[in-house]
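This report concerns only the one structure given below.
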Amino acid sequence: MAAIAYATNQYHQDKIKFSQCDLLIEPDLYNYGLFSFKGMKEIFEIGYETASKHLETTAIFNGI
């Protein structure tokens, strides 16, 4: 029960914090934990691929 309350609170805090961002990229890293050091290469690749896809489709940097 405490874990659900913490996750809900964290979600609401993040929603407020991230609403100020011009661009938010959220790679699918749910299969990895905070200390998933063995998966660092895969985590990097997932992040890189996700960011590349978002940057190709967003107009945020047009005109710079």
Exercise. Which of the residues belonging to the stretch 29-45 are open to solvent by less than 100 Å² (accessible area, probe 1.4 Å) and in a loop (DSSP other than H, G, I, E, B)?
Worked result: 29, 32, 33, 36
Exercise. Of (1) in a helix (DSSP H, G or I); (2) of a type in the set (S, T, N, Q); (3) modelled with pLDDT under 85, residue 20 satisfies all except one. Which?
Worked result: (1)
For this session: Please name all residue pairs, on different chains or six or more residues apart, with Cβ atoms under 8 Å, provided the first residue is in the stretch 2-24 and is within 30 Å of residue 59 (Cβ to Cβ) and the second residue is hydroxyl-bearing (Ser, Thr, Tyr) and at pLDDT below 85.
Result: 23/58
Problem set entry | Test result for residue 48, of a type in the set (Phe, Trp, Tyr), surrounded by 11 or more Cβ atoms within 10 Å (Cβ to Cβ) and part of a helix (DSSP H, G or I) | yes
Seminar exercise, completed: Inside the stretch 1-16, the number of residues satisfying the requirement of being open to solvent by less than 100 Å² (accessible area, probe 1.4 Å) and of a type in the set (Ser, Thr, Tyr) is 1
Exercise. Given the conditions (1) among the hydrophobic types (A, V, I, L, M, F, W, C); (2) touching a helix residue (DSSP H, G or I) at 6+ places or on another chain (Cβ under 6 Å); (3) at pLDDT below 85, and given that residue 25 satisfies all but one, which numbered condition is not satisfied?
Worked result: (3)
Problem set entry | Counted residues, the stretch 17-27 - those being under 13 Å from the mean Cα position of the chain (by Cα) and open to solvent by less than 100 Å² (accessible area, probe 1.4 Å) | 6
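The values are calculated or read from the model by the stated rules, or taken from the named source; none is laboratory data. Keep in mind that this is a model prediction, so the values were computed, not measured. Don't worry about glycine lacking a Cβ; one is built from the backbone with ideal geometry, like all the others, and counts go over all protein chains shown. Side chains included, ligands, DNA and RNA excluded: accessible areas come from the protein's heavy atoms. Shrake-Rupley method; radii C 1.70, N 1.55, O 1.52, S 1.80 Å.
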